[in-house]
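See structure below.
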Amino acid sequence: MFSLEGITKAIDTWLNAHFNSTVVLLAECVLVGVAAIALFAVLGLGLVWMERKVAAVMQIRLGPNRLGPKGIFQTSADTLKLIMKEGLTPDGADKFLFNLAPFIVMIVAMLVLAPISFAKNFQIWDINIGVLYVSAVSSLSVIGILMAGWSSNNKYSLLGAMRSGAQIVSYELSAGLAIISIVVLTGSLSINDIIQSQQNGWWIFKGHIPAIISFIIFIIAVTAETNRAPFDLAEAESELTAGFHTEYSGMKFALFFLAEYINIFIVCSIGATLFFGGWMPLHIGNWEAFNHIMDFIPSSIWFFGKTIFLIFLIMWFRWTFPRLRVDQLLNLEWKYLLPISLFNLLLMTVVAIMGWHF
Amino acid sequence: MIEEVGTTTEGDLVINVGPQHPATHGVLHLVITLNGETIKKVEPHLGYIHRSIEKMCESLTYRQFIYVTSRMDYLSAHINNHACALCVEKGLQVEVPQRAQYIRVIMDELTRIASHELWWGAMAMDLGAFTPFFHAFRERETINTIMEETCGARLTMNYMVPGGVMFDLHPDFQKKVKAFIQQYTSKINEYDELVTGNIIFQNRMKGIGYVTKEDAISYGCTGPVARGSGVASDIRKIAPYDVYDKVEFDEVLETGGDSFARYLVRVKEMQQSIRIIEQLIDNIPEGDFQAKTKAVLKLPKGEFYQRVETARGELGVYIISEGGTTPYRIKFRSPGFSNLSILDHMVRGHKIGDLVAAMGTLDLVIPDIDR
């Protein structure tokens, strides 16, 4: 059976048999880095293509359909075009910050990939504070966005960046509280432990109503945190032309664009890990035969299936809802989502202490 | 007085919105003064696509100048042509055959639906929802196909001429229009579910861009903008032309005065247009489609005025004739120009997002404002 764990094990054994431990460590670091960049590129291209196809279906269109089967290579061609384009730096821009900003956004997106468990025993870095690390590092991307907005010397960019700053800082609270409510149940911040705790059922099923509430809050908050419609105020094209990346062109723009999709992938994989058991197959209580059949499906397929389902959900939002206004956006967070998530956390704590979850 | 674009002495931000900006549906240039996200002042600057259509008309004959007016309010091309044709007919004192009158009214109402469809999609797009645009275009495409089959053009139609219409109807016309009515009525629920009932949409529209009845009158607003504030201003009811006095339809009035009221007026108007077409489509009389007129038209010396209801409001055509083959002076009273004048009054104190939403409900077509 196809297993990512087997591949990593085989490489590790082969390297250990031929080289000494320092060289093996170095080689594995390089391999992991290359794999991460490759994943980054493939995910970015794949998700852009997926978004265009999802949008096309909802808008009664065909979407990309010329390059390759079903237009699958269209995004590669677009990226190639963007690489070859001139990266303009506007007059009066802060050149250093302007050129640095897209890299910060992208580096943050890549850093957050580290603790995510893609399949059984297939994880770049099994850190014991996994979810804390994710929420801490992902909040750094706002620095890149603020930098881009400020250094562009464009008022639309500035307005977009200011909106984005207010938005990401606010919605992080709800996202964090939703994550914590699951951590209360598992008693561990490690992503691996959280997945293991869902051996006999996913938290969304086991955690009663509080788990469902925190899942809904989580999805709303991460949609806002990744600047996706209906919360795409930072780049609201009908208001601010393109918001914080108005002045960016060529590959610098593409980095923002790809980072957005990687961020979506990351938040959805965190959502899948916390609420849908990550790579854990669907197990129902004592149904031995059913559980056994489910185990035959490779863990990587479970993980990517759940993540892509959540990504589809977020894309569905984008192509359905109109955009909120900036004051409505902040009202929603501070007046509704935050109190609800605080109360929900309390509820979850009671559930966890009394052992009411399954 | 054009203000310097930059930062004012009070620390307010002055921004150019347009002429090239996705929110302005064309090339409208707004200079807005912002305090943070809040709008302090909106100043429209016109003239970016001024083509001096009125002046051009003075050197064109009464048959020729009608075609130029398709380029004014390009979403109501038929209705513009209709207004000019009516005005010239008034001067010539020709009786338009019944068949032509029926065809003209059906075409006007189809144009109105097509125009409102486009507005509906663009309105949703202003609020950040892309999908409705494509759904609206699905219906609009059917109308465009009907237009194309009837008069050969899809946008700048030249079908109405002094004395009637240019050609007779396409043989399949009635069947196609009925198919369209069926298509439209089957999809109308989709519109309400996707946009009208959406809570985000309602929150963005209700209580925004408030226009009182008095303001609507004193700023000279017409069309759905005035009717959204409860001002009865439908020219089809006030001064019926062609067969509008023979059909039954309601003038849609909303008393809300906010963006949502204006939205509802247009959505309901589309249904009234369907109602008008349903009454006329089976009863188109046989006969001539054009009255017999001279090859070269000469209007008697005098002044002629004709107003019609376009999709955006009242369009007035004012011709001064010296008795020659070309008009001495032509003046168009365009609905977009007066509707735009209320924009500043509407959005002061609101956020940038509301500017876009409120401007969407004015349904501005910039070539109509600038001419």
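Please treat every number below as a calculation from the coordinates, not as lab data. What you are looking at is a predicted structure, and each value in this text was computed from that prediction instead of being measured. Glycine also receives a Cβ, built like all others from the backbone with ideal geometry; neighbour counts cover every protein chain displayed.
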- Message: Exactly one of these conditions fails for A:Leu282: (1) more than 14 Å from every other protein chain (Cβ to nearest Cβ); (2) part of a helix (DSSP H, G or I). Give me its number.
- Response: (2)
- Message: For A:Trp14, only one of the following conditions fails: (1) over 30 Å from A:Phe317 (Cα atoms); (2) aromatic (Phe, Trp, Tyr); (3) touching a helix residue (DSSP H, G or I) at 6+ places or on another chain (Cβ under 8 Å). What is its number?
- Response: (3)
- Query: Among the listed residues A:Phe309, A:Phe253, which satisfies the condition of being surrounded by fewer than 23 Cβ atoms within 10 Å (Cβ to Cβ), touching a His at 6+ places or on another chain (Cβ under 9 Å) and away from chain B (no Cβ under 14 Å)?
  - Reply: A:Phe253
- For segment A:52-71, what are the residues that are within 24 Å of the chain's Cα centre (by Cα) and within 10 Å of chain B (Cβ to nearest Cβ)? A:Ala55, A:Ala56, A:Met58
- Message: Checking the structure you have, find out if any residue of segment B:315-327 is assigned to a helix (DSSP H, G or I), surrounded by 19 or more Cβ atoms within 10 Å (Cβ to Cβ) and touching a residue at least 40 places away in the same chain (Cβ under 8 Å).
- Response: no
- Taking only segment B:171-188 into account, find how many residues are over 15 Å from B:Thr145 (Cβ atoms), surrounded by 13 or more Cβ atoms within 10 Å (Cβ to Cβ) and not basic (Lys, Arg). 1
- Query: Does any residue of segment B:60-67 turn out to be over 17 Å from B:Thr156 (Cα atoms) and surrounded by fewer than 24 Cβ atoms within 10 Å (Cβ to Cβ)?
  - Reply: yes
- Query: Which is under 27 Å from A:Arg52 (Cα atoms) and assigned to a helix (DSSP H, G or I), of A:Ala352, A:Ala289, A:Ala272?
  - Reply: A:Ala272
- Inspect segment B:289-298 for any residue being within 13 Å of the chain's Cα centre (by Cα), among the basic types (Lys, Arg) and either closer than 23 Å to B:Lys206 by Cβ or surrounded by fewer than 17 Cβ atoms within 10 Å (Cβ to Cβ) (or both) and give the result as yes or no. no
- Quickly run through segment B:123-160 and pick out the residues that are without any contact (Cβ under 8 Å) to a residue 24 or more places away in the chain, facing chain A (nearest Cβ under 9 Å) and not in a helix (DSSP H, G or I). B:Gly128, B:Phe130
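Residues checked against (1) within 14 Å of chain B (Cβ to nearest Cβ); (2) surrounded by fewer than 24 Cβ atoms within 10 Å (Cβ to Cβ); (3) part of a helix (DSSP H, G or I); (4) among the small types (Gly, Ala, Ser):
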{"site": "A:Met147", "(1), (2), (3), (4)": "no, yes, yes, no"}
{"site": "A:Ala166", "(1), (2), (3), (4)": "yes, yes, yes, yes"}
{"site": "A:Asn200", "(1), (2), (3), (4)": "no, yes, no, no"}
{"site": "A:Ile204", "(1), (2), (3), (4)": "no, yes, yes, no"}
{"site": "A:Ile212", "(1), (2), (3), (4)": "no, yes, yes, no"}
{"site": "A:Ile220", "(1), (2), (3), (4)": "yes, yes, yes, no"}
{"site": "A:Ala229", "(1), (2), (3), (4)": "yes, yes, no, yes"}
- For residues in segment A:312-347 being over 25 Å from A:Ala236 (Cα atoms), touching a Leu at 6+ places or on another chain (Cβ under 7 Å) and among the aliphatic types (A, V, I, L, M), which is farthest from the other protein chains (Cβ to nearest Cβ)? A:Leu345
- Yes/no for A:Leu185 being in a helix (DSSP H, G or I), more than 17 Å from the chain's Cα centre (by Cα) and crowded, with 19+ Cβ neighbours inside 10 Å: yes
- Task: Please go through segment B:328-350 and pick out each residue that is surrounded by fewer than 22 Cβ atoms within 10 Å (Cβ to Cβ), of a type in the set (Ser, Thr, Tyr) and in contact with a Ser or Thr (Cβ under 9 Å, 6 or more places away or on another chain).
- Result: B:Tyr328, B:Ser338
- Note on the structure: Residues of segment B:42-56 being exposed (fewer than 13 other Cβ atoms within 10 Å of the Cβ) and of a type in the set (D, E, K, R), in sequence order, are B:Lys55
- Within segment A:154-163, how many residues turn out to be within 12 Å of chain B (Cβ to nearest Cβ) and in contact (Cβ under 8 Å) with a residue 40 or more places away in the chain? 6
- Message: Need a quick list: helices (runs of 4 or more DSSP H) entirely within segment A:1-101 having at least 2 residues that are farther than 25 Å from A:Tyr248 by Cα.
- Response: A:4-18, A:21-58
- Message: Looking at B:Ile181, B:Ile217 in this structure, which one is more than 14 Å from chain A (Cβ to nearest Cβ), over 22 Å from B:Thr131 (Cβ atoms), part of a helix (DSSP H, G or I) and in contact with an Asp or Glu (Cβ under 8 Å, 6 or more places away or on another chain)?
- Response: B:Ile181
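With the requirement that a residue be of a type in the set (D, E, K, R) and more than 19 Å from the chain's Cα centre (by Cα), what does segment B:209-239 give you?
Those that are of a type in the set (D, E, K, R) and more than 19 Å from the chain's Cα centre (by Cα): B:Lys213, B:Glu214, B:Asp215.
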- When segment B:312-371 is checked residue by residue, the ones that are touching a strand residue (DSSP E or B) at 6+ places or on another chain (Cβ under 7 Å) and within 14 Å of chain A (Cβ to nearest Cβ) are B:Val347, B:Gly349, B:His350, B:Lys351, B:Ile352, B:Leu355
